Amino acid sequence: MSALKEPRVTVTHARAAPDRPWWRLSVSAREAIDCYVFMAPAILGLLLFWLGPMLASVLLSFTSYDMLGSPQWTGLENYRQLMGDELFWKSLRVSGIYSLVSVPLVLAVSLLLAVLLNQKIRGMYFFRSIYYLPTVMSGVAVAMLWRWMFNSEYGVINAFLSKIGIQGPQWLQTEQWALPALIVTSLWTIGGSILIWLAGLQGIPEELYESAEIDGAGRWRRFRHITIPMISHVTFFNLVLGIIGALQVFAEAFVLTGGGPNNSTLLLSLYLYRNAFQYLKMGYASAIAWVMFLIVLLLTLLVFRSAPFWVHYEQERRQTR
Amino acid sequence: MSESPRVISAPTFWSTRRGQNLRANALTVIILTLGAVVIMVPFYWMLSTALKQPSDIYLLPPQWIPAPPRPSNFTEALTLVPFHRYAWNTAVVVALVLMGTLLSCSFSAYGFARLRAPGRDLIFLALLATLMLPATVTLVPTYIAFNKLGWINSFRPLIVPAFFGSPFFIFLLRQFYMTLPSELEESARIDGASSYRIWWSLILPLSKPVLATVAVFTFVATYNDFFGPLIYLTDDSKWTIAVALSYFQGSPRVGPQMHLLMAVTAVATLPSLLVFLLAQRYFVRGIVMSGIKG
């Protein structure tokens, strides 16, 4: 960085020489002012749409506020209420099961597909496009489509199941099968995570595979001992993104099941939406948001703390060489 | 596997390296084809339903090929609801969000990448930290603030934030700007160009491919955004396509008629699909570029 910057400063200095004296003294000050002006949109955005609302959200979570009167300070009342709120615990469980199944499933399937899509075979470009295609569809359209596919009588899924001799369940109408249906839907749109895996796979030097092959390592061993460690930083990235994403899934659940039947698909995000925009309990909704945030933070920290045990970075590799 | 003369005796298809590779490739193609079929079936099912005669929808077993196809489903569905209204609303929001995102992100990214000021890296770190935050935390206060401003039921809550940069795109553009050679910029400075001029007439033209990537991602995200329009647009004349779509299934005119519902859904997914198919190389190019820096 500094090697790149130094010559420019002197050049600016040379240019500034004929200008008024104070220009000359403040070459770096001028650069700093310019820099702040350039950063201004980002700084304002950070204050107006992140830090400000976050602070307000903490405060709101200690109040009772229905958008009509003014917020009433109630201290920890919202959190105390949450602890005894059965629906909250239920939504916590629903979100937990959804993330616990969907995140690893999506990671595993998308890695497998990415490895296959990374082979040097003609026409691979075509396959990559197809696998990415569902990802550019809106959550609403995806949900509308799958709602029709999951239709227990005339839907294409149960028609297929009956072809192979299985009586398909009433997917979206039963407590038992609604959540699995949501998870299946999430599997259809794994293009984003495939793309990230692919980028990681393409960063692995070809020589590693070649020398392993000469040493007689088979396909599985090459995958296990080269691919897996070499893309562990991508795994890390995908895992963190996956957790954050899974806890925020909204459109699909909202359209596909609306949280039902009997709240069996009431994800945390849906429960938050209900409290904020249907019951107008803004303080209570903020408390839910903070619990959600703490969970994400805790999980992310856990992943971060565990990273040294399974994530290998390029630099470490160079040092140990 | 070796090329030594001894093996010449029995280099069957199964033992040679070429044979093994061919078999592995064939297996790959088979698995990928199966997967592709699974991916495509919902699309096909959507189109097939959208083209069916209303009486053929509830048939057992389901009819796969509409006979005869009924393209008038599309015109019928699009006239039953004021679709042009939703399309126009969406176009306005998407166009303004695109403009705001491209300008603000590249502007800020240039500062982060090329100019120095105390605290710059700290601000950049704070920006990156927001990528880890679930957006739900800021949701309620932001809504309340927009409500206080009287912006509910207007496009402003959807558009204005775009002019204040998006952390991920700023990051992407910054990575790209840091790879640009500094010689061009230096000679422009010698000629007396200010930083703003350099950004506008030197950096912006140079960053077309990355900007295209940002534009493609922004288009898809904004076009598909559901939650924002759902909470901010209360009047149905203001709805965007995504929100309107979600209401169709409950609407008495479209909802129960699956052929119309699927026709609308198919039309609604068209813009994103088209953008993706036409701009694929920008997806790929952008990823390669952001990867250079590592």
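The values are calculated or read from the model by the stated rules, or taken from the named source; none is laboratory data. Everything quoted here is computed from the prediction, not taken from an experiment. Note that we place each Cβ from the backbone using ideal geometry, even for glycine, and neighbour counts take in every protein chain shown. These area figures cover heavy atoms from the full protein model, side chains too; ligands, DNA and RNA do not enter into them. Shrake-Rupley method; radii C 1.70, N 1.55, O 1.52, S 1.80 Å.
What to note about this one:
- Residue within the stretch A:129-141 that is open to solvent by less than 20 Å² (accessible area, probe 1.4 Å), more than 8 Å from chain B (Cβ to nearest Cβ) and either modelled with pLDDT of 90 or more or not in a loop (DSSP other than H, G, I, E, B) (or both) present: no
- Figure legend. Inter-residue proximity from the stretch A:104-118: first residues assigned by TED's automatic domain parsing to the domain that holds A:Ile244 and within 17 Å of A:Ala246 (Cβ to Cβ), second residues open to solvent by 30 Å² or more (accessible area, probe 1.4 Å) and of a type in the set (A, V, I, L, M), beta-carbon distance below 6 Å, spacing 6+ or different chains. No pairs are indicated.
- Residue check, A:Gln278 at pLDDT 90 or above and of a type in the set (S, T, N, Q): yes
- Filtered residues of the stretch B:182-214 (kept if more than 14 Å from B:Leu115 (Cα to Cα), open to solvent by 20 Å² or more (accessible area, probe 1.4 Å) and not in a helix (DSSP H, G or I)): B:Asp191, B:Gly192
- A:Arg274, sole failed condition from (1) open to solvent by less than 20 Å² (accessible area, probe 1.4 Å); (2) away from chain B (no Cβ under 11 Å); (3) under 25 Å from A:Val142 (Cβ atoms); (4) more than 20 Å from the chain's Cα centre (by Cα): (1)
- Candidate set from the stretch B:112-140 (those that are more than 7 Å from chain A (Cβ to nearest Cβ) and charged (D, E, K, R)); member that is most open to solvent (accessible area, probe 1.4 Å): B:Asp121
- Of the residues screened, B:Met40 is one that is open to solvent by 50 Å² or more (accessible area, probe 1.4 Å), facing chain A (nearest Cβ under 8 Å), within 30 Å of A:Leu241 (Cα to Cα) and of a type in the set (A, V, I, L, M, F, W, C).
- Filter result for A:Ser2 (open to solvent by less than 50 Å² (accessible area, probe 1.4 Å), within 23 Å of B:Arg120 (Cβ to Cβ), at pLDDT below 85 and out of contact with any Phe, Trp or Tyr (no Cβ under 6 Å at 6 or more places or on another chain)): no
- Set A:Gly165, A:Gly200, A:Gly191, A:Gly216: member being more than 25 Å from B:Ala36 (Cβ to Cβ) and within 12 Å of another protein chain (Cβ to nearest Cβ): A:Gly216
- Residue in the stretch B:57-74 that is within 9 Å of chain A (Cβ to nearest Cβ) and at pLDDT 85 or above present: no
- B:Phe164 vs. criteria open to solvent by 20 Å² or more (accessible area, probe 1.4 Å), within 25 Å of A:Ser269 (Cβ to Cβ) and at pLDDT below 90: no
- In the stretch B:190-216, the residues that are not assigned by TED's automatic domain parsing to the domain that holds B:Leu173 and β-branched (Val, Ile, Thr) never reach a residue that is surrounded by 21 or more Cβ atoms within 10 Å (Cβ to Cβ) and not in a helix (DSSP H, G or I) with C-beta atoms less than 6 angstrom apart, at least six apart or across chains.
- Where a residue in the stretch A:120-135 is under 24 Å from A:Glu206 (Cβ atoms) and its partner, wherever it lies, is open to solvent by 30 Å² or more (accessible area, probe 1.4 Å), with Cβ under 6 Å and at least six apart: A:Ile121/B:Asn25
- One residue stands out in the stretch B:217-258 among those that are in a helix (DSSP H, G or I) and free of Cβ contacts under 8 Å to residues at least 12 places away in the same chain: the one that is nearest to the chain's Cα centre (by Cα), namely B:Ala221.
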